[in-house]
Each structure stands twice: as C-alpha cells, then as structure tokens.
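Nothing in this text is a laboratory measurement; each read-out follows from the coordinates by a stated rule. From a predicted model like this one, the values you see are computed outputs, not experimental measurements. Don't worry about glycine lacking a Cβ; one is built from the backbone with ideal geometry, like all the others, and counts go over all protein chains shown.
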Amino acid sequence: MRTCAWLVAGAVLLFGVSGHPGFFNLQVAGLILIARGAAGWWLSLNAGRRALYLKRLRAAAVTAEAFTAELTRDGSKRVPLDVLLSQGAKESSQQ
C-alpha cells in the first residue's frame, strides 16, 4: 500500500503541479518519488514473480527489436525527422 502512495505522490508532483519555486524542482522530485515507488514495488515481489516479469519484459524487448528490424529490412534509407518536417513545410507553403 505504501508503494502506491509513493507512486501517486510522485505522479501528482510530476504531472499535476505546473508551477515550482525557484529553489526546488517539483517535477524532478516527482520523478524521484515514482522511481522510489517502482523500486519498492519490484523489491516487494517474491523471486518467482520477479523472474516471471523479467521473462515477459525480455520477450517484449525481443519482439520490439524484431519489429523495428522488419521495418528497416526493405533496404530503404531512413530519413531524419528534421528533413521530413522541412519537406512538409515546403509543400504546405507551395499550396
């Protein structure tokens, strides 16, 4: 239950607070609290459950890697984002 409190407090500071004092960054503090909550959740799991989550995470990473490799397998060159955006701006100004 405390883990959820750390996560919620961190999420409120990170996403819910728009202003911050000059001497303290609330977004960074929120991110630290979320990391603390995630670490507490991870350490509260038993070894078998942790192994199951690691197995699923590795499978998801392999799947994502295979998917991105399939996207670039056709031999075409990848175009940088700034080139795509500048071409789009040129086309819209010509119309």
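In what sequence, highest mean first, do 31-42, 52-63 appear when ranked by Cβ atoms within 10 angstrom? Don't skip to the answer; put the middle values down first.
Values: 31-42: 15.2, 52-63: 10.3.
The most tightly packed comes first, giving 31-42, 52-63.
Defining a contact as two alpha carbons under 8 Å apart and six or more residues distant in sequence, what relative contact order in percent does region 2-73 show?
Details: 46 pairs, mean separation 22.0, N = 72.
31 percent.
Using the 10 angstrom Cβ neighbour count as an exposure proxy, how do 24, 15 rank, fewest first?
Details: 24 8, 15 11.
By the 10 Å Cβ count, ascending: 24, 15.
Under the √(5λ) rule applied to the eigenvalues of the Cα gyration tensor, what semi-axes describe the equivalent ellipsoid of region 2-73? Give them in Å, descending. Before the final figure, lay out the partial values.
Values: eigenvalues 201, 87, 11 Å².
Its equivalent ellipsoid spans semi-axes of 32, 21, 8 Å.
Quick check for me: using +1 on Lys/Arg Cβ and -1 on Asp/Glu Cβ, what's the dipole size of region 2-73 about its Cα centre, in debye to the nearest 20? Present the calculation step by step, with values, prior to reporting the outcome.
Values: 8 positive and 2 negative charges, 72 e Å.
For this selection, approximately 340 debye.
Using 7 Å Cα-to-Cβ label points, what is the residue 45/residue 17 separation (nm, one decimal)?
The two pseudo-label positions are separated by 3.0 nm.
Quick one: 8, 79, fewest Cβ neighbours within 10 Å first, how do they rank?
On the way: 8 14, 79 9.
Listed from fewest to most nearby Cβ atoms, that is 79, 8.
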